[in-house]
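One structure is given here, and the rest of the page talks about it.
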Amino acid sequence: MRDPVLYRVRRVHHHQTGDEWCIYPMYDFTHPISDALEEVTHSLCTLEFEDHRPLYDWVVDNCTLPARPRQYEFARLNLNYTITSKRKLKQLVDENHVSGWDDPRMPTIAGLRRRGYTPASLRRFCDMVGVARADSVVDMAMLEAAIRDDLNQHAPRAFCVLRPLKLVIENWDDAQVEMLTAPLHPQNDTMGTREIPMTREVYIDQDDFREEANKKYKRLVLGDEVRLRYGYVIRANEIIRDDAGEITEIRCTYDPDTLGKNPEGRKVRGVIHWVSAERSQPCQVRLYDRLCTEANPDKVEEGKTFLDAINPESLTVLEGCLVEENLREALPETRYQFEREGYFAVDPDSTAEQMVFNLTVGLRESF
C-alpha cells in the first residue's frame, strides 16, 4: 500500500485514442472502480491478486461509487496437455502454430465453441472441478467427459464415411432407390426420424473390410456377411484391385428378406455404417488431438521451450469424406454424432460445394 501507482502519463501516440489522451489508469485502479460501477458483488480473481486486495479495498472505500464489491481469490484452472497462459497462446497465434484465437485446438471460448463444445458442457465441467484455493492440474479427460455426456443426450445421429471404399451390390437394380428409415436419436423418440437413401453403389469405411480375419473381427470379410446399419444383410463375394494392387471396389450381394431382421439361426459378423454413392454429400473432416504431447508443457527438458511440446499431429485433415445428404443445409456449429466415429460440429468454413466438420470428441476416451 505504500505509494501505489494508480495511473501513468504517456505523451505518445496510441493505436486507439491517437494523440487525444495521455492518462492511462493502471489495472489496480481500474479493476475495483469498474466492478463497483457495474455493481459486481463478488469479484473472483486468481491467487496472485491476493496481495492486491488491500489496494482494491482502499480504492473502493475512498471513491464515491454505487456499490461495494469484495474481491475473493481462488486457484486458477490448469488443464494438462494444453496451455492456458495468454502470453503463450498469443505466441502460438502470432507465429502461426495455430490458425487463430478460434482454432479448435485453443482453450479459448471461441476455440471451444468452434470445436463444438456447448455452454451446458462447460458449466458441467466447472461443477465437476469445483472451486479451491490449492493449485492443481485437471485432467483433460474430465472436460471431454462433460461434452461427451451432453452431446450423447442431445446430438442427432448421422452417417459419415471418413475413408470411403466403394461397395457394389450386384443384385440391386441400377435405378432402384430405397428410402430407409433411421432414428435421429436412438433413446429420444421426440427427435423423430431421418430417411437414408440406399442405392446399388454405396461407400463403407476402409477400416470396415478385410480379406481375411478371425472371428473377433466384427465387420465385413470376403466371403462372409455383415449388416448395413438400418438396412440389409450383404455378403462380400469379390474384390477389384487397381494396377498398384490396392482394393478399389467390393462386389457384394444383398438378401432382400433381411431388412430389420435376421432369419432364424443366421448370424452375421456385425453392423457397419455406410452412405449412398449417388445420394451423399462430399465433406472435409478435421480430426483434432491434444494440443501438446506433454502433460505439463510448461515444464519441459532443459534447453527446450513449450513450443517443443506442441503436438505435430494435433490436426489431421481428411479430404474426400462422404456424409448423409440430409446434412447438406446444416448451419455452422450444428453438432452431430457420426455413428461409430464420434461427435462432430459444422465448421464456419463450410460451403455449398463442400462441408467441413470438426471433431469435438470421440465416442470414448482413447488418448
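The values are calculated or read from the model by the stated rules, or taken from the named source; none is laboratory data. What you see is a predicted model, and the numbers here were worked out from it, not measured in a lab. Note that we place each Cβ from the backbone using ideal geometry, even for glycine, and neighbour counts take in every protein chain shown. Heavy atoms of the whole protein, side chains included, go into the accessibility calculation; ligands, DNA and RNA do not. Shrake-Rupley method; radii C 1.70, N 1.55, O 1.52, S 1.80 Å.
Being under 27 Å from residue 229 (Cβ atoms) and surrounded by 15 or more Cβ atoms within 10 Å (Cβ to Cβ) holds for only one residue in 344, 306, and it is 344. Considering region 204-218 alone, what residues qualify as being open to solvent by 50 Å² or more (accessible area, probe 1.4 Å), touching a residue at least 24 places away in the same chain (Cβ under 8 Å) and of a type outside the set (D, E, K, R)? Within region 204-218, just 206 meets the criteria. Criterion first (aliphatic (A, V, I, L, M) and exposed (fewer than 15 other Cβ atoms within 10 Å of the Cβ)) does residue 106 satisfy it? Answer is no for this residue.
Whenever a residue of region 78-90 is in contact (Cβ under 8 Å) with a residue 24 or more places away in the chain, its partners that are open to solvent by less than 30 Å² (accessible area, probe 1.4 Å) and among the basic types (Lys, Arg), lying with C-beta atoms within less than 6 angstrom and at least six residues away or across chains, give the pairs 81/290.
Residues that are among the hydroxyl-bearing types (Ser, Thr, Tyr) and farther than 19 Å from residue 74 by Cβ within region 16-57 comprise 17, 24, 30, 34, listed in sequence order. Being in a helix (DSSP H, G or I), modelled with pLDDT under 95 and open to solvent by 30 Å² or more (accessible area, probe 1.4 Å) is a condition met by at least one residue of region 172-190. Reported count of residues in region 237-282, each being of a type in the set (Lys, Arg), open to solvent by 60 Å² or more (accessible area, probe 1.4 Å) and modelled with pLDDT of 90 or more, is 3. Filter region 133-151 down to the residues that are more than 11 Å from residue 361 (Cα to Cα) and either open to solvent by 30 Å² or more (accessible area, probe 1.4 Å) or over 17 Å from the mean Cα position of the chain (by Cα) (or both) and list them by number. Within region 133-151, 133, 134, 135, 136, 137, 138, 139, 142 qualify.
With respect to (1) over 29 Å from the mean Cα position of the chain (by Cα); (2) more than 30 Å from residue 286 (Cβ to Cβ); (3) not hydroxyl-bearing (Ser, Thr, Tyr), the lone exception for residue 226 is condition (2).
Residue 84 meets all of the listed conditions (1) farther than 30 Å from residue 310 by Cβ; (2) outside any helix (DSSP H, G or I) but one, namely (1).
When residue 361 is tested against (1) under 20 Å from the mean Cα position of the chain (by Cα); (2) closer than 24 Å to residue 271 by Cβ; (3) modelled with pLDDT under 95, just one condition goes unmet, and that condition is (3).
Of 87, 113, 76, which residue is within 23 Å of the chain's Cα centre (by Cα), open to solvent by 30 Å² or more (accessible area, probe 1.4 Å), of a type in the set (D, E, K, R) and under 27 Å from residue 294 (Cα atoms)? The match here is 113. Selection of region 250-276 for residues being among the aliphatic types (A, V, I, L, M) and within 14 Å of residue 160 (Cβ to Cβ) yields 272, 275. Of all residues in region 234-275, those being of a type in the set (S, T, N, Q) and more than 15 Å from residue 169 (Cα to Cα) number 1.
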